[in-house]
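J.: This is the structure I want to talk about, given as structure tokens.
Each reported figure results from applying straightforward, stated rules to the coordinates on display, with no laboratory input. Because the structure is predicted, anything quoted here is derived from the model rather than measured. Quick reminder, even Gly has a Cβ in these numbers, built from the backbone with ideal geometry, and neighbours come from all protein chains shown.
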């Protein structure tokens, strides 16, 4: 019994020593055990903070806020110290000399917050939006970013507003600070539709001898492109992507998939005024062309009543998707009204889906109707005035307008979109004699 008691006391003594050892302070960083969470966080914060401050020329971020509807925006950040930052951008009202505040903090994870106002806040401002479809949403941007990882010399964040959107910070160069706002903004002018050229642009994909051409449409306010074509069964195929300008061209997101190849970087060919991307034998070209990728095959798709869109012609102007009625047609109306003693105020097209129809011209001195016949051939619609009761002086006065509406060489017709917030279809008409002019009309 004494022997057993002796063993029990030895066991108790050993347990007591273990308990004492386990109760010792473990905050010493030299211990073999892991740091407590607070210490680990402080180390992580300092590592990320030092990493952000370290580069002499700071960081570059190309930020696609919503690749399903909007393009990309490039920012430069120079983290001066642990609380101050300056930035530049190819978007908004950037001032690279302005200093604002930022901070790193712990939420669900380590978070980078640009705390005082600078150009990046213009992306998230709900009152700053590209068009009526984004009222209250702005450009869907963010000024809070969740730390994800450090990969080599890059640092990866996620948008706090959309955590599935990963954004990479890469090392910037001094040249980018000197040229970003000028070169990228200049490239935007090459990307947007040139009013002196054809309104038709194509996106052509070439791979292993196969060629597919899409009708390329670009929304400059959104920095977003929609391209469509018809397959052999008449089904619509589309290629949509956001565009971020660069000094030499632009980058797209999502990437264009050609077979098993992803293409995303386009270079501007100034001589041919086109953008070209090549990757592993696949080639994608965006260029101006003389005819639409999808020709008109019949008048059945046309509606029975259309009202032409133009700021001079109706009050729908602010509701329209930009760039449908182009500056060529707007200038035509402006110059016409300046040259005659009355103003053209409205234009309607009736019964385009039937064999015969009418054109209505509303003016400040009265209205006029022109009866027309219609024929679809060679991918165009031909409108011909067959009769009118309108005085000849009136017809002579508006002849420049009628020559465009009923171009003797036919009209190319496109249905690129719908009126914002409704199902009303919008049709665009381009006279074959002058493809720099486009007028659009909404179905009512």
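J.: Tell me, what is the percent relative contact order of the range 201-288, built from C-alpha pairs under 8 Å that lie six or more residues apart? Walk me through the numbers on the way to the answer.
T.: On the way: 180 pairs, mean separation 22.9, N = 88.
Reported as a whole number, the value is 26 percent.
J.: What does the convex hull of the Cα atoms come to per residue for the range 226-267, in Å³? Display every interim value, and only then the final one.
T.: On the way: hull volume 3.2 nm³, N = 42.
Taking the convex hull of the Cα positions in the range 226-267, it is 76 Å³ per residue.
J.: With r as the distance between the Cβ atoms of residue 434 and residue 53 and R0 = 60 Å, compute the FRET efficiency 1/(1 + (r/R0)^6) and round to 0.05. Walk me through the intermediate numbers first.
T.: Values: r = 57 Å, r/R0 = 0.95.
That gives a FRET efficiency of 0.55.
J.: Counting other beta carbons within 10 Å of each Cβ, put 274, 82, 153 in order, fewest first.
T.: Working: 274 18, 82 14, 153 11.
Going from sparsest to densest Cβ surroundings: 153, 82, 274.
J.: Then there is this: So how tilted is helix 327-339 from the main axis of the chain? Cα-based, degrees 0 to 90, rounded to 10.
T.: Approximately 40 degrees, to the nearest 10.
J.: How long is the gain from residue 387 to residue 297 if the chain were fully straight, where each residue apart is worth 0.36 nm and the alpha carbon distance is subtracted? Walk me through the numbers on the way to the answer.
T.: Working: separation 90, 0.36 × 90 = 32.40 nm, distance 2.64 nm.
Full-extension gain reported as 29.8 nm.
J.: Continuing with the same structure: Can you compute the modelled spin-label distance between residue 162 and residue 371, with each label point 7 Å from Cα toward Cβ, in nm?
T.: 5.5
J.: Once the Cα atoms of helix 37-53 and of the chain are each reduced to a long axis, what angle between those two axes, in degrees from 0 to 90 to the nearest 10, is obtained?
T.: Orientation of helix 37-53: about 50 degrees from the principal axis.
J.: Considering only 334, 291, 99, give the residue with the highest GNM mean-square fluctuation for the chain, with springs between Cα atoms whenever their separation is below 10 Å.
T.: Checking each option, the largest mean-square fluctuation is seen for 334.
J.: R0 = 51 Å: FRET efficiency of residue 345 with residue 170, Cβ-based, nearest 0.05? Walk me through the numbers before you get to the answer.
T.: Details: r = 54 Å, r/R0 = 1.05.
Result of the calculation: an efficiency of 0.40.
J.: Could you tell me which label, among [x] 105, 26, 15; [y] 63, 23, 21; [z] 34, 26, 19, carries the value of semi-axes √(5λ) of the Cα gyration tensor in Å calculated for this structure?
T.: Here semi-axes √(5λ) of the Cα gyration tensor in Å agrees with entry [y].
J.: Next question, about the same structure. Angle between the Cα long axis of helix 2-22 and the longest principal axis of the chain, 0 to 90 degrees, nearest 10?
T.: Rounded to the nearest ten degrees, it is 40.
J.: What FRET efficiency comes out for the pair residue 278/residue 84, r = Cβ-Cβ distance, R0 = 41 Å, nearest 0.05?
T.: Computed FRET efficiency for residue 278 and residue 84: 0.45.
J.: With each run of n ≥ 4 DSSP H residues scored as -39500 (n - 2.57), what mean residue ellipticity at 222 nm is computed for the chain after dividing by its residue count and rounding to the nearest 500 deg cm²/dmol? Present the calculation step by step, with values, prior to reporting the outcome.
T.: Values: 7 runs with 77 residues, N = 444.
Only helices count here, giving -5000 deg cm²/dmol.
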